[in-house]
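Colleague: My structure is below; once you've seen it, I'll send some questions.
The values are calculated or read from the model by the stated rules, or taken from the named source; none is laboratory data. All values reported here derive from a predicted model rather than from experimental measurement. Don't worry about glycine lacking a Cβ; one is built from the backbone with ideal geometry, like all the others, and counts go over all protein chains shown.
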Amino acid sequence: MTDSAFRVGMGWDGMGRGNRRVMTMQVTVELFGIPRARAGVAVTTAVGRCLGDVLADLASRFPGLGESCIEGRALRPGYTANVGGERFVTSSDTLLNDGDTVLLLSLDAGG
């Protein structure tokens, strides 16, 4: 993995060191329905090791999306995520892999 896949953060690393390298995954995020309308884009990228990290990243860059669809590091009721076109998830602790595609949609988007 290249150095661009790492962020340097300040904080406790569990070993008494102040500086640490924190690996973050970059994922592609496709938005449908209300999330797309609030973000104003159909596709973007986000970074994070889990769904909660990705949601926090998106909320900070797309305030309309954050206000309508995301609460903290979780999806608001009525919204869901799909990872890799294989599984629907809502838990902010869902781990992601570098290069994953995450779909964000309102539960009525397919209607």
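Colleague: May I ask you to list the residues in the stretch 51-100 that are surrounded by fewer than 15 Cβ atoms within 10 Å (Cβ to Cβ) and assigned to a helix (DSSP H, G or I)?
Modeller: Ser60, Arg61, Pro63, Gly64, Glu67
Colleague: From the set of residues in the stretch 39-50 that are assigned to a loop (DSSP other than H, G, I, E, B) and either touching a residue at least 40 places away in the same chain (Cβ under 8 Å) or acidic (Asp, Glu) (or both), which is surrounded by the most Cβ atoms within 10 Å (Cβ to Cβ)?
Modeller: Gly48
Colleague: Does Val29 count as touching a residue at least 40 places away in the same chain (Cβ under 8 Å), surrounded by 18 or more Cβ atoms within 10 Å (Cβ to Cβ) and not in a helix (DSSP H, G or I)?
Modeller: Yes; evaluated as a whole, the condition is true for this residue.
Colleague: Would you pick out the residues in the stretch 101-111 that are modelled with pLDDT under 95 and either assigned to a strand (DSSP E or B) or crowded, with 17+ Cβ neighbours inside 10 Å (or both)?
Modeller: Scanning the stretch 101-111 gives Leu105, Ser106.
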